[in-house]
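Chemist: My structure is below; once you've seen it, I'll send some questions.
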Amino acid sequence: MGRLFGTDGVRGTANEGLTAEMAMGLSVAAAHVLAEAGTFEGHRPVAVVGRDPRASGEFLEAAVVAGLASAGVDVLRVGVLPTPAVAYLTGSLGADLGVMLSASHNPMPDNGIKFLARGGHKLADELEDRIETLYHGHHSGQSWNRPTGAGVGRVRDYDEGFDNYVAHLIGVLPNRLDGLRVVIDGAHGAAARVSPEAFARAGAEVTTIGTDPDGLNINDGYGSTHLERLRAAVVEQRADLGVAHDGDADRCLAVDAEGNEVDGDQILAVLAMGMKEAGTLRRNTVVATVMSNLGFKLAMEREGITLLQTAVGDRYVLQEMKRGGYSLGGEQSGHVIVLDHATTGDGTLTGLMLAARLSATNRTLAQLAGVMRRLPQVLVNVPDVDKSRVNTSGEVSAAVSQAERELGDTGRVLLRSSGTEPLVRVMVEAADLEQARTVASRLADVVKSALG
């Protein structure tokens, strides 16, 4: 049996791979494991539970709440809110754990469960392993210790969560957004209410698309993976910028006034410059992944900002940020972590801080994003190969060395084995798109021949 917990909680097709029984069982197991780990310290535990608008979130939320309450945990049900809102409320309310039901940018039939530790931080891998072991043990015949009478958990709706989170977002902004015209694409997801409200309270003139969730339309043609409608709306409204979220709003991408995409690398560059000027870029360092565009690295070098790169995945970025005490990190996909104000990527906060930079400098987003030149980047997946040999094959190594000599300082080659599939990803950056395509294609052929 494969591991239930992936890099971002447990995910699957709702009511098939992820059932109500599983949601309830995992929640009970989480309560027991955290109790054994001393998390509750002898007091009556409290959990914050939120979800995105997927239809399946309704029955999965009920299952999670039932499981936690049956294990003696009091539950604050905050309803439809972004993942970073649940993380923030878990910390601000002093709750012992948080639970978010979402499958992020995945299509509507999918859903997921993410557990958060006290303070709103991601659970350690060791605790996830123990939860999974206990969950499987229960299904093999082990019984739970179940409280009775006054020992069972109590459940109440915490309607103040929305306003508390929005107030937090407004409170950490360095300046207001008065006069700024913004289009927000909520992906028919968890940010559909929060993001427009936050931007409006900060003074922006807001137009919205993708903000009418019906439980079935999340990520369907809207959001950070479908920017076409946002591009058109920004140009039509003559807006200063557009902001696009994913389903659970832990990331955002942007669009400038001409309708051009501004990706996570460019957003990081803009925020890094602003934080450096404000003296809030701790240790003058930004953390990103090895997939960040070479143009981002060159821009940071030019601006005197240190760039640290991690493996792909926002969890690795966050680990490095905590290890080194850094304040800014993120991914090209739009996961941006501002650790002074959030424990996870926060798409609404990122969008607000980007907009605040426009207001403070009185410059366009295109001008600000121009601090870096995004070099052409080509990614080729090579399937059905022995990915375990990608770093040991002499033939592959020689081809990579030749490509690196050809590209010189103006390009980059990265070969990565997939974590879940029998394939190798070949990424090439170059000053010229055609050169990047040519080199990537040649390397892909070598990988196929040598490892196939």
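Chemist: Tell me, yes or no, whether the stretch 250-270 has at least one residue that is more than 30 Å from ASN111 (Cα to Cα), in a helix (DSSP H, G or I) and either of a type in the set (A, V, I, L, M, F, W, C) or modelled with pLDDT under 95 (or both).
Modeler: Taking every residue of the stretch 250-270 in turn, at least one turns out to be more than 30 Å from ASN111 (Cα to Cα), in a helix (DSSP H, G or I) and either of a type in the set (A, V, I, L, M, F, W, C) or modelled with pLDDT under 95 (or both).
Chemist: Which residues, counting only those in the stretch 193-230, are more than 26 Å from ASP110 (Cβ to Cβ) and touching a strand residue (DSSP E or B) at 6+ places or on another chain (Cβ under 8 Å)?
Modeler: PHE199, ALA200, ALA204, GLU205, VAL206, THR207
Chemist: For the stretch 409-452, give me each residue that is crowded, with 21+ Cβ neighbours inside 10 Å, in contact with a Gly (Cβ under 8 Å, 6 or more places away or on another chain) and among the hydrophobic types (A, V, I, L, M, F, W, C).
Modeler: VAL428, ALA430, ALA436, VAL439
Chemist: When you go through VAL396, VAL378 one by one, which is the residue that is part of a helix (DSSP H, G or I) and in contact with a helix residue (DSSP H, G or I) (Cβ under 9 Å, 6 or more places away or on another chain)?
Modeler: Going through VAL396, VAL378 in turn, just one is part of a helix (DSSP H, G or I) and in contact with a helix residue (DSSP H, G or I) (Cβ under 9 Å, 6 or more places away or on another chain): VAL396.
Chemist: Of the numbered conditions (1) in the same structural domain as ALA436 (by TED's automatic domain parsing); (2) surrounded by fewer than 19 Cβ atoms within 10 Å (Cβ to Cβ); (3) touching a residue at least 40 places away in the same chain (Cβ under 8 Å), ASP340 satisfies every one except a single condition; which is it?
Modeler: Evaluating ASP340 over (1) in the same structural domain as ALA436 (by TED's automatic domain parsing); (2) surrounded by fewer than 19 Cβ atoms within 10 Å (Cβ to Cβ); (3) touching a residue at least 40 places away in the same chain (Cβ under 8 Å) leaves (1) as the failure.
Chemist: Considering the stretch 297-355 alone, what residues qualify as being of a type in the set (A, V, I, L, M) and in a strand (DSSP E or B)?
Modeler: Answer for the stretch 297-355, where residues must be of a type in the set (A, V, I, L, M) and in a strand (DSSP E or B): LEU307, LEU308, LEU328, VAL336, ILE337, VAL338.
Chemist: Looking only at residues that are within 29 Å of ALA198 (Cα to Cα) and in contact with a helix residue (DSSP H, G or I) (Cβ under 8 Å, 6 or more places away or on another chain) in the stretch 31-51, which one is surrounded by the most Cβ atoms within 10 Å (Cβ to Cβ)?
Modeler: At the first step, the residues of the stretch 31-51 found to be within 29 Å of ALA198 (Cα to Cα) are 46-51.
Subset that is in contact with a helix residue (DSSP H, G or I) (Cβ under 8 Å, 6 or more places away or on another chain): 47-51.
Numbers: ALA47: 28, VAL48: 28, VAL49: 25, GLY50: 30, ARG51: 26.
Taking the candidates together, the pick is GLY50.
Chemist: Would you kindly identify the helices (runs of 4 or more DSSP H) lying entirely within the stretch 134-240 that contain at least 2 residues that are under 21 Å from the mean Cα position of the chain (by Cα), under 28 Å from PRO45 (Cβ atoms) and of a type outside the set (Ser, Thr, Tyr)?
Modeler: 161-172
The rows are residues; the columns are (1) modelled with pLDDT under 95; (2) closer than 15 Å to LEU354 by Cβ.
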residue	(1), (2)
VAL243	no, yes
GLY279	no, no
THR306	no, no
ARG315	yes, no
GLU320	no, no
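Chemist: In the stretch 317-336, which residues are among the β-branched types (Val, Ile, Thr) and closer than 17 Å to LEU173 by Cβ?
Modeler: Result: VAL336, single match.
Chemist: What about THR410, is it in contact (Cβ under 8 Å) with a residue 24 or more places away in the chain and closer than 30 Å to MET100 by Cβ?
Modeler: The answer is no for THR410.
Chemist: Across the stretch 195-212, what is the number of residues that are within 26 Å of LEU173 (Cβ to Cβ) and surrounded by fewer than 24 Cβ atoms within 10 Å (Cβ to Cβ)?
Modeler: 12
Chemist: Still on this structure, please answer the following. Determine whether ALA288 is more than 27 Å from THR7 (Cβ to Cβ) and not in a loop (DSSP other than H, G, I, E, B). So that I can check it myself, show each step before the final result.
Modeler: On the way: more than 27 Å from THR7 (Cβ to Cβ): no; not in a loop (DSSP other than H, G, I, E, B): yes.
So ALA288 fails the test.
The values are calculated or read from the model by the stated rules, or taken from the named source; none is laboratory data. Because the structure is predicted, anything quoted here is derived from the model rather than measured. Virtual Cβ from ideal backbone geometry, glycine too; neighbours counted across all protein chains shown.
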